[in-house]
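Visitor: Okay, here's the structure, questions in a sec.
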Amino acid sequence: MPPPRTSPNPERAAIVGLITASSRRLQAERSLDELAGLADAAGATVVLRMSQERPKPDPSTFLGSGKLHTLAAACDEADVDVVIFDNELSPAQLREIESRVQRKVLDRTQLILDIFARRARTREGKWQVELAQLQYLLPRLAGSGAALSRLGGGIGTRGPGETKLETDRRRIRQRIQQISAAIDEVRRRRAQLRERRQKQSIPTVSLVGYTNAGKTTLFNLLTRETAEANDALFVTLDPLVRRVRLPDRRELLVSDTVGF
């Protein structure tokens, strides 16, 4: 696997998609276009784009073996740092693809979580992202099945230490419990605030829609706020609520939300 770049230049990315039916080719191409936008939002430069048409994903390599060999060669030629798949990969597929292409491999979910991690500003937002990342990582630690099968007690399981894998899994579970407890406490406090607002009979309006649809721009216009609004995907990660006074002196609460 190529060594990580030490220069400030963005990572060079290859994006890969699968077309499972000819009638969905246009939809798959649009999805790849969106994946390129996500890669850009994460700070990468797309230098290679590849797709394959097949009835269903290969259970071990996702792409066909020949296509995966072509992908590895194209990554060498284009000096690719990271390969991003437009679909969610199983732990086994992720490991097998990485071993074949000899590069860092991500799927769409991992890429979006990385963008969320970059954009989270509030403490709760950062907790939510970390929790999602840990829950996604836990089943993808190599050797998960074999490691867990030895933790049930009995001969051969007692002793002075754990393997690094088992230690990592235990720490991840502990951290998940800590974050979950902290988020539950935040939710209880938010429920109390919501109950107060309901008692005050102040209507709440939520701006809901797809990412980069212009929700924050509209929010700023209505509330005279200066929340960050850019032509990029998933810029808003922490919801904002502001009070607005209408021309007839009635008041309402406007909430800017995370895009779909």
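Visitor: Where residues in region 90-128 are within 13 Å of the chain's Cα centre (by Cα) and aliphatic (A, V, I, L, M), which of them is farthest from Phe234 (Cα to Cα)?
Guide: My answer is Leu106.
Visitor: Being open to solvent by less than 30 Å² (accessible area, probe 1.4 Å) and part of a strand (DSSP E or B) is the filter here; which residues of region 56-81 pass it?
Guide: Phe62
Visitor: To continue, here is another question. Give me a count of the residues in region 104-136 that are within 23 Å of Glu53 (Cβ to Cβ) and not in a helix (DSSP H, G or I).
Guide: Result for region 104-136: 3.
Visitor: I've got another one for you. Look through region 82-140, keep the residues that are of a type in the set (Ser, Thr, Tyr) and out of contact with any helix residue (DSSP H, G or I) (no Cβ under 7 Å at 6 or more places or on another chain), and return whichever of them is surrounded by the fewest Cβ atoms within 10 Å (Cβ to Cβ).
Guide: We begin by selecting, within region 82-140, every residue of a type in the set (Ser, Thr, Tyr); these are 90, 99, 109, 122, 136.
Keeping just the survivors that are out of contact with any helix residue (DSSP H, G or I) (no Cβ under 7 Å at 6 or more places or on another chain) gives 90, 99, 122.
Numbers: Ser90: 15, Ser99: 11, Thr122: 13.
So the residue we want is Ser99.
Visitor: Restricting attention to region 82-90, does a residue exist that is assigned to a loop (DSSP other than H, G, I, E, B) and small (Gly, Ala, Ser)?
Guide: Of the residues in region 82-90, the ones assigned to a loop (DSSP other than H, G, I, E, B) are 86-90.
Okay, now just the ones that are also small (Gly, Ala, Ser), so 90.
Yes: one or more hits.
Visitor: Here is a follow-up. Being in contact with a strand residue (DSSP E or B) (Cβ under 8 Å, 6 or more places away or on another chain), closer than 26 Å to Pro139 by Cβ and among the small types (Gly, Ala, Ser), is that true of even one residue in region 61-68?
Guide: yes
The values are calculated or read from the model by the stated rules, or taken from the named source; none is laboratory data. Everything quoted here is computed from the prediction, not taken from an experiment. All Cβ positions, even for glycine, are placed from backbone atoms using ideal geometry, and neighbour counts span all protein chains on display. When the accessible area is computed, the model is the full protein with side chains, heavy atoms only, and any ligands, DNA or RNA have been set aside. Shrake-Rupley method; radii C 1.70, N 1.55, O 1.52, S 1.80 Å.
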